[in-house]
Amino acid sequence: MKLRATAATAKVTYQIKITLKHIEPMIWRRLLVPAELNLEKFHWILQMAMGWQNIQLFKFRVNNRHYTLPDFGCLDEAINARNLTIRNIMPVEKQRISYVYGENDGWEHEILLEKIMTDTTKYRRIVCLEGERACPPEDCGGILEYQEILAALDALMGEENKEFILLVNGHAQTEFDLNKINRKLKKIKL
């Protein structure tokens, strides 16, 4: 007798959209990730997908609960991110949670669980489906300071030279590169 996999026993993939909040035009990514991924690994995937460098602290915020790593020691009431999966904190479609990267700079992201997929035979790895714009340089001081930097560069050099100046100064590119992100994500072992 052949047993059918149920939603509880089948491999489940989440389609999520992560958006950097409080910035226009929007910076976002759409990803496929395993629902059983622990939150520490999920953090690493978000870092790769968004283009961050993992040099600052992070936390997931769901309602009034915070999930981070205990060795950060920044929140007494925080729950260990290594002990929970994405499915634990996002069990239903259309649920939204917050991902904060860099407390001082305030890089706040919204994560939306767009779709739960149980027939995932064609999705055997983590993948970025699409997105727009590259993230700001991590240590530029936050969204307001980043917008001031871009406005100053536009005024001084014009749009065509802005990316060159950011690259010369060791900062991230201004364009979204789907192939580069997926090359990084492909290296992740599940």
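The values are calculated or read from the model by the stated rules, or taken from the named source; none is laboratory data. Computed from a predicted structure; not experimentally measured. Reconstructed Cβ throughout: ideal geometry from the backbone, glycine too, with neighbour counts over all protein chains shown.
A compact table of results
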quantity: Of residues in region 114-142 being touching a Gly at 6+ places or on another chain (Cβ under 7 Å) and not small (G, A, S), the one modelled with the lowest pLDDT; calculated: E138
quantity: Pairs with Cβ under 7 Å, 6+ apart, first in region 108-125 and farther than 22 Å from K186 by Cβ and assigned to a loop (DSSP other than H, G, I, E, B), second among the β-branched types (V, I, T) and at pLDDT below 95; calculated: T118/V12
quantity: Search result, residues across region 96-113 that are exposed (fewer than 14 other Cβ atoms within 10 Å of the Cβ) and more than 21 Å from C140 (Cβ to Cβ); calculated: R96
quantity: Residue check, L31 in contact with a Leu (Cβ under 9 Å, 6 or more places away or on another chain), surrounded by fewer than 19 Cβ atoms within 10 Å (Cβ to Cβ) and hydrophobic (A, V, I, L, M, F, W, C); calculated: no
quantity: Per-region count, region 154-177, residues at pLDDT 70 or above and surrounded by 15 or more Cβ atoms within 10 Å (Cβ to Cβ); calculated: 1
quantity: Residue within region 76-92 that is touching a Leu at 6+ places or on another chain (Cβ under 8 Å), β-branched (V, I, T) and either surrounded by fewer than 16 Cβ atoms within 10 Å (Cβ to Cβ) or part of a strand (DSSP E or B) (or both) present; calculated: yes
